[in-house]
1. Counting only residues that are surrounded by fewer than 22 Cβ atoms within 10 Å (Cβ to Cβ), within 19 Å of Glu30 (Cβ to Cβ) and hydrophobic (A, V, I, L, M, F, W, C), how many does the stretch 49-78 have?
2. What number goes with the only condition from (1) modelled with pLDDT of 85 or more; (2) on the phi > 0 side of the Ramachandran plot that Asp89 does not pass?
3. Does the stretch 156-201 hold any residues that are free of Cβ contacts under 8 Å to residues at least 40 places away in the same chain, closer than 14 Å to Ala136 by Cα and hydrophobic (A, V, I, L, M, F, W, C), and which are they?
4. Between residues in the stretch 30-49 that are over 12 Å from Val153 (Cβ atoms) and residues that are basic (Lys, Arg) and surrounded by fewer than 17 Cβ atoms within 10 Å (Cβ to Cβ), which pairs lie under 8 Å by C-beta distance while being six or more apart or on different chains?
5. Under 7 Å between Cβ atoms, at least 6 apart or on separate chains: pull out the pairs that start in the stretch 136-155 with a residue that is on the phi > 0 side of the Ramachandran plot and end on any residue that is assigned to a loop (DSSP other than H, G, I, E, B) and among the polar types (S, T, N, Q).
6. Which one is farthest from Gly160 (Cα to Cα) among residues in the stretch 174-201 that are in contact with a Gly (Cβ under 8 Å, 6 or more places away or on another chain), part of a helix (DSSP H, G or I) and open to solvent by less than 40 Å² (accessible area, probe 1.4 Å)?
7. Among the listed residues Arg18, Arg22, Arg70, which satisfies the condition of being closer than 25 Å to Gly138 by Cβ and free of Cβ contacts under 8 Å to residues at least 12 places away in the same chain?
8. Looking at the structure I just gave you, is Val15 at negative phi, β-branched (Val, Ile, Thr), at pLDDT below 95 and not in a loop (DSSP other than H, G, I, E, B)?
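The values are calculated or read from the model by the stated rules, or taken from the named source; none is laboratory data. Computed from a prediction, not measured in an experiment: that's the story for all the values here. Note: ideal-geometry Cβ built from the backbone for every residue, glycine included; neighbour counts use all protein chains shown. We work out accessible area using only protein heavy atoms, side chains counted, and drop any ligands, DNA or RNA first. Shrake-Rupley method; radii C 1.70, N 1.55, O 1.52, S 1.80 Å.
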Amino acid sequence: LAALNHPHIAQIHGVEQRDGQRALVMELVEGEDLARRIARGPLPLDEALPLARQIAEALEAAHEAGIVHRDLKPANIKVRDDGTVKVLDFGLAKGLEPPVSGLSPDAAQSPTLTSPALTRMGVILGTASYMAPEQARGKAVDKRVDIWAFGCVLYEMLTGRTAFAGETVTDTLAAIMTRSPDLSVLLAGTPASVRRLLARC
């Protein structure tokens, strides 16, 4: 992870260990996270697409380095005042070896890693609302889970709502595995190319 050096990825400077807990030492990124921006309402297309492009470039760089983020969501994306995006929290990232997936106690909250047992197959790691179906099932994952999550983030930027939501984590995971996002809520002027991109993700 420290080897990742990209303008749209927050740099990791090291790892600290204290009282049996490990923590990543990461670049301080000023600005608002995308979740707070979305909370004020959908982003106009001319604001959302440049941000989405930067997020995609960050993911592409990570994937080329053999790293899958596995917990991409608006809260893990910072937007500086000048519009520059930084993708944060590669704490769940794994190399492209047999990975694991993850479950948060609340579908909209960041995961808490508390046990070494969470590294075995069949355990879910991540945030439910942005999980690909294979990730939600605890199966091996690859870079496609980030592409799925990217689609969920773009959908949320354009609509102001999550693509897959439920009252509980179980309801959210069921929605992911049984439904498609409602593309009818996109603004009427949303280009066909953006609709196709969302459907493909």
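1. Going through the stretch 49-78 one residue at a time, the tally reaches 2.
2. Here Asp89 clears every test but (1).
3. Phe164, Ala174, Ala175
4. As it stands, the answer is Glu30/Arg80; Gly31/Arg80, since those pairs meet every condition given.
5. So the pair list comes out as Gly138/Ser101.
6. Ala175
7. That would be Arg22, the only listed residue that is closer than 25 Å to Gly138 by Cβ and free of Cβ contacts under 8 Å to residues at least 12 places away in the same chain.
8. yes
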